[in-house]
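Structure first, commentary second.
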Amino acid sequence: MKKYKPTTKSRRQMTNVNYRGVLTKTEPEKSLTHGFRRSVGRNSQGRITTRHKGSGHKRLFRDIDFMYDKKEIPAKIKSIEYDPNRSAFIGLAVYKDGEKRYVILPKSIKPGSSFLVSEKAELTTGNRLPLKNIPVGTFVYNVEIKPRGGSKIGRSAGIFAQVVANAEGYTNLKMPSSEVRKVSENCWACIGSVSNEEHHLENYGKAGRSRWKGIRPTVRGTAMNPVDHPYGGGEGRQGRGTKRPKTKWGKVTGGRKTRKPKKYSNIFIVSRRKTGKSRKSQ
């Protein structure tokens with residue numbers, strides 16, 4: 001991590017990933033980029049469905065290959081680049097037939113490294129193969145939930161899932177959340193863990209840096225008026241005053257399961273994720 005001299009109050013606590021020692025290119029591949037409009041927390045009707053999102057620096061979208069449909073053709077990583085739309089580093093992969101694609105990079109990969117998408121690929125970092133061909137205990141990322149559905153699991157910085165069992169046409173994966181889930185053995189996954197594992201250690205240091213990233217301020221409920229929040233009102237600082245924590249709209253947030261009892265994917269969950277204070281000790 002990169003630390004700064006405390007020349008200002010905000011610099012004193014600020015930390016950042018040392019990009020200079022990792023990235024090899026500053027400008028993206030023009031043919032793989034395009035402009036786009038961010039949703040900033042709004043749905044198709046323009047109504048805010050996720051609070052505290054908006055503004056931020058203008059971004060250029062990089063087309064990332066999550067399908068990996070070029071099989072049996074080796075590819076070489078030409079450069080390691082920063083992507084403002086995700087926490088992981090991306091790399092420009094050049095296939096042997098000349099086609100270029102952006103892919104999410106695993107940890108410890110360098111320019112010049114190669115990977116292969118094949119059922120008979122070796123168990124080396126970056127290679128992609130079906131889960132049925134991956135032994136128990138292996139770390140994987142860019143995992144499909146459905147065959148030929150594209151990578152959905154394990155795409156954030158420093159994340160990985162672990163293969164814990166192979167049986168009866170399914171592979172049991174231990175997710176980053178500690179949930180154990182069954183996935184079809186015909187789904188594909190990449191070997192390794194996602195790059196930029198120091199991302200979670202970043203300290204923005206000041207409010208302005210959050211605004212650059214499109215994160216708007218969060219007002220505490222206890223600082224509001226009674227008409228605006230269940231915790232609002234009172235002279236001076238007040239306690240919560242309710243048995244369980246609530247949202248602005250009175251919905252219980254702690255101690256209530258939010259997953260639907262008849263959700264279609266319940267049959268694929270072997271053990272639920274661990275939540276609450278007890279998770280820190282496990």
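Between GLU27 and LYS243, take the C-beta separation as r, use R0 = 51 Å, and let me know the FRET efficiency to the nearest 0.05.
Working: r = 55 Å, r/R0 = 1.08.
E between GLU27 and LYS243, to the nearest 0.05, is 0.40.
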> So, in Å, what gap is there between the alpha-carbon centers of the stretch 226-249 and the stretch 92-146?
Replying inline: 50
> With springs only between Cα atoms under 10 Å, which of SER118, SER271, SER87 fluctuates most in a Gaussian network model of the chain?
Replying inline: SER271
> For the stretch 66-81, in order, what is each residue's ³J(HN,Hα) by Karplus, 6.51 cos²θ - 1.76 cosθ + 1.60 with θ = phi - 60°, in whole Hz (x at glycine and Pro)?
Replying inline: 9, 7, 6, 8, 9, 9, 6, 10, x, 10, 10, 7, 8, 8, 10, 10
>> Could you identify which residue out of LYS213, LYS132, LYS251 has the top mean-square fluctuation in a GNM of the chain using Cα springs shorter than 10 Å?
In response: LYS251
> Exactly which GluC sites (Glu not before Pro) in the stretch 194-282 are in a DSSP loop and have at most 13 other Cβ atoms within 10 Å?
Replying inline: GLU235
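Quickly estimate the mean residue ellipticity at 222 nm for the chain, helices only: each DSSP H run with n ≥ 4 gives -39500 (n - 2.57), and the total goes over all residues, rounded to 500. Could the numbers behind the result be given before it?
Numbers: 2 runs with 11 residues, N = 282.
That comes out to -1000 deg cm²/dmol.
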> By the gyration tensor of its Cα atoms, with a ≥ b ≥ c the square roots of the eigenvalues, what is the shape of the stretch 181-246: rounded for a/c under 1.5, prolate for a/b over b/c, or oblate?
Replying inline: oblate
> Gaussian network model of the chain, Cα springs within a sub-10 Å range: biggest mean-square fluctuation belongs to which of ARG216, ARG37, ARG181?
Replying inline: ARG37
>> Along the Cα→Cβ direction, 7 angstrom out, place labels at ARG59 and ILE215. What is the inter-label distance in nm?
In response: 1.3
> What residue among LEU105, GLY54, PRO226 has its Cα farthest toward the positive end of the dipole of the chain, where the charges are +1 on Lys, Arg and -1 on Asp, Glu, each on the Cβ?
Replying inline: PRO226
> What ranking, highest mean first, results for peptides 95-103, 172-180 when packing means the other Cβ atoms within 10 Å averaged over each residue?
Replying inline: 172-180, 95-103
> R0 = 25 Å: FRET efficiency of ILE267 with LYS120, Cβ-based, nearest 0.05?
Replying inline: 0.20
>> Going by Cα centres, the stretch 1-38 and the stretch 167-213 are how many Å apart?
In response: 21
> Rounded if a/c is under 1.5, else prolate if a/b is larger than b/c, else oblate: which is the stretch 14-199, with a ≥ b ≥ c the root eigenvalues of its Cα gyration tensor?
Replying inline: oblate
> Within the stretch 166-262, which chymotrypsin sites (Phe, Trp or Tyr not before Pro) sit in a loop by DSSP and count at most 16 neighbouring Cβ atoms inside 10 Å?
Replying inline: TRP249
>> Can you tell me, using C-alpha contacts under 8 Å and at least 6 residues apart, the relative contact order of the chain as a whole percent?
In response: 17
>> Treating only the Cβ of Lys, Arg, Asp and Glu as charged (+1, +1, -1, -1), what charge dipole size does the stretch 219-277 show about its Cα centre? Round to the nearest 20 debye.
In response: 600
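Bear in mind these aren't lab numbers, they're just calculated from the coordinates by the rules spelled out. A quick note: this is a predicted structure, and the numbers were derived from the prediction, not measured. Glycine gets a Cβ as well: all are built from the backbone with ideal geometry, and neighbour counts include every protein chain shown.
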